[in-house]
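Notes to accompany the following structure.
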Amino acid sequence: MAAVVGAAVLYAAVLSWASISRHHSLGSGGYDLGIFDQATWLMGHGFAPFSTIRGRDLMADHFQPALYLLAPFGALGATPGGILILQSTLLGLTSPVLYRFARLQGATRSFAIAVALIWLASPVTQWANLFDFHPETAVPVLLVAGAIFMHRGRLVPFAATAVLACATKEDVCLVYVMWGLLLLAGRRRRIGAALAGAGIAWFILATQVAIPALGGNLNYYSARFGGDRGSSLGTVFVFLVEHPIRTLGNLANMPNAEIIVALVVCSGGLALLAPRFLLLAVPGLAANLLSAYSYQHGLHFQYQLVPSAAFALAAACGAGAVTRRFDGRVRRAYSVVLFAGIAVAVVLSPAIRELRATRPPALLAAKRHALSLVPPNVAVAAAPDLVPHLSHRRAVYQLPEPFFPRHGNGEYWTDADLARRSLAVRFVIIDLDSLDPWPRTQTSLLPPILKRRGFVQIYRAGDVRVFEKE
């Protein structure tokens, strides 16, 4: 256990270092670190978490009441570094909890250590850790801790972990619905029925009551999920039933295959020996594999983290199954393979690659100088990689907003809202280097517009330009 705790501490230190280094090297973005950093600062200073980057109250975007637990970081001015360290710590803490659960499942010490270290070495874990900040990175440790409490029959602390996990995002409760069905199919039917019912109730209340009450809805996310199959979850499910062959064809693509292979490999294959626990991965995995949104089919983002946690939980059970089913020689051979894989994963670690990454020093110097010219508290609009460095204020916008609308990105701004807000902007930092093609085109049109609005260019270095309103 001491070795696992030491590895978890090392992981938390290295990933915190890599995450903060990425941020200071201007590798983070307004989506998503800037969004959560601004929300944390706002809550810490007594304001509602209305994100001017996202264009809505964050609770109207996703139901994430756990965000309020981050308010002290904002009050102390300990962001974004504090929340990046917290994220790495929570993901690192999952490892010793996995070790404990594997031991409760009857796994030998070596297999339990392997399960714990695989989680830390997994590129899926590290990619999610390095991709800015997301509150659902707290789910893995809560999920595994909950499994320990359930195993021991301690229902009150299990319920506490479940509530906290569900409070990180509205769809996490679907994992607990599956867990309830799993218990319902076994010998714990009363608990299973209660858990499944509570999960369904949470989802309905979050999506149909809480989010609408705060002025939001899931229309944007439903349309993004559906693509050309429909603009609501209902029409998409009808499409899936009516067109099963096309659905299977859509599922059978290389990115989806990579997701499945990665999740199996990053559980050391042990998850396949505990298929019942793999049911916990079904909601998140189905959402990702069936989605028309390309980012959900990638491994470098946070979308695969909750399914990966379910695979890790299944791997801990699978470690116990290996111990029970195979003799010592087979177990030793399997153990050697697992630890060899861990060693390879550590050498190829995304965190190490991030720490070794270099960015053009002249460009970094120009961007940092541009940031130094913007005073605190004033309204500012900037490029995505600069927004997280300007988010400790009530009004910060990600270009080309608020001067051009981005209606296809789910914001609730009307053209009138944007026009009104653009009048209050005092500073604009244009940095074409970090923009995608459409925002780059729109942003490149801004200089003459800004000049007509009374802005004066006060700094320029290549494509980095700072404008101040007189």
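Of the numbered criteria (1) over 24 Å from LEU130 (Cβ atoms); (2) without any contact (Cβ under 8 Å) to a residue 60 or more places away in the chain, the one VAL374 fails is (2). Within the stretch 1-44, the set of residues being more than 29 Å from TYR295 (Cα to Cα) and not in a helix (DSSP H, G or I) comprises MET1 only. Could you say whether any residue in the stretch 402-411 is under 24 Å from the mean Cα position of the chain (by Cα), at pLDDT 95 or above and either under 14 Å from GLN38 (Cβ atoms) or not small (Gly, Ala, Ser) (or both)? Among the residues of the stretch 402-411, not one is under 24 Å from the mean Cα position of the chain (by Cα), at pLDDT 95 or above and either under 14 Å from GLN38 (Cβ atoms) or not small (Gly, Ala, Ser) (or both), which makes the answer no. Scanning the stretch 373-380 for any residue that is surrounded by fewer than 18 Cβ atoms within 10 Å (Cβ to Cβ) and of a type in the set (Val, Ile, Thr) turns up at least one such residue. Just one of (1) in contact with a helix residue (DSSP H, G or I) (Cβ under 7 Å, 6 or more places away or on another chain); (2) in a loop (DSSP other than H, G, I, E, B) fails for LEU371. It is (2).
Is it fair to say ALA145 is over 14 Å from the mean Cα position of the chain (by Cα), farther than 29 Å from VAL387 by Cβ and either outside the structural domain of ILE83 (by TED's automatic domain parsing) or in contact (Cβ under 8 Å) with a residue 40 or more places away in the chain (or both)? In short, yes.
Return the residue satisfying two criteria in turn: it lies in the stretch 451-464 and is within 35 Å of the chain's Cα centre (by Cα) and among the hydrophobic types (A, V, I, L, M, F, W, C), and of such residues it is farthest from LEU423 (Cα to Cα). Result: ALA461.
The one condition from (1) among the aliphatic types (A, V, I, L, M); (2) touching a Phe, Trp or Tyr at 6+ places or on another chain (Cβ under 9 Å); (3) buried (at least 19 other Cβ atoms within 10 Å of the Cβ); (4) in a helix (DSSP H, G or I) that ILE53 does not meet is (4). The set of residues in the stretch 197-245 being in a loop (DSSP other than H, G, I, E, B) and out of contact with any strand residue (DSSP E or B) (no Cβ under 9 Å at 6 or more places or on another chain) consists of ASN217, LEU218, GLY230, SER231, SER232, HIS243. Checked against (1) over 32 Å from the mean Cα position of the chain (by Cα); (2) among the aliphatic types (A, V, I, L, M); (3) farther than 20 Å from HIS369 by Cα, ALA424 meets all criteria but (1). Being farther than 30 Å from ALA343 by Cβ, in a loop (DSSP other than H, G, I, E, B), over 20 Å from the mean Cα position of the chain (by Cα) and not acidic (Asp, Glu) is a property that holds for PHE47. You will find that of VAL177, VAL156, the residue that is modelled with pLDDT of 95 or more and under 21 Å from ALA314 (Cα atoms) is VAL177 and no other. Only one of the listed residues (GLY197, GLY227) is over 23 Å from the mean Cα position of the chain (by Cα), of a type outside the set (Lys, Arg) and over 28 Å from SER349 (Cα atoms). That residue is GLY197.
Of the residues making up the stretch 56-75, those that are in a loop (DSSP other than H, G, I, E, B) and either touching a helix residue (DSSP H, G or I) at 6+ places or on another chain (Cβ under 6 Å) or modelled with pLDDT of 95 or more (or both) are PHE63, GLN64. For first residues located in the stretch 119-135 and in contact (Cβ under 8 Å) with a residue 12 or more places away in the chain, partners that are acidic (Asp, Glu) and lie 6+ apart or on another chain with Cβ distances below 7 Å form the pairs LEU130/GLU354; ASP132/ASP32; PHE133/ASP32; HIS134/ASP32. Please determine whether any residue of the stretch 156-174 is in the same structural domain as ALA66 (by TED's automatic domain parsing), over 22 Å from the mean Cα position of the chain (by Cα) and not in a helix (DSSP H, G or I). Taking every residue of the stretch 156-174 in turn, none turns out to be in the same structural domain as ALA66 (by TED's automatic domain parsing), over 22 Å from the mean Cα position of the chain (by Cα) and not in a helix (DSSP H, G or I).
The values are calculated or read from the model by the stated rules, or taken from the named source; none is laboratory data. On a predicted model such as this, the values are computed, not experimentally measured, just so you know. As a convention, Cβ positions derive from the backbone with ideal geometry for all residues, glycine included, and neighbour counts pool all protein chains shown.
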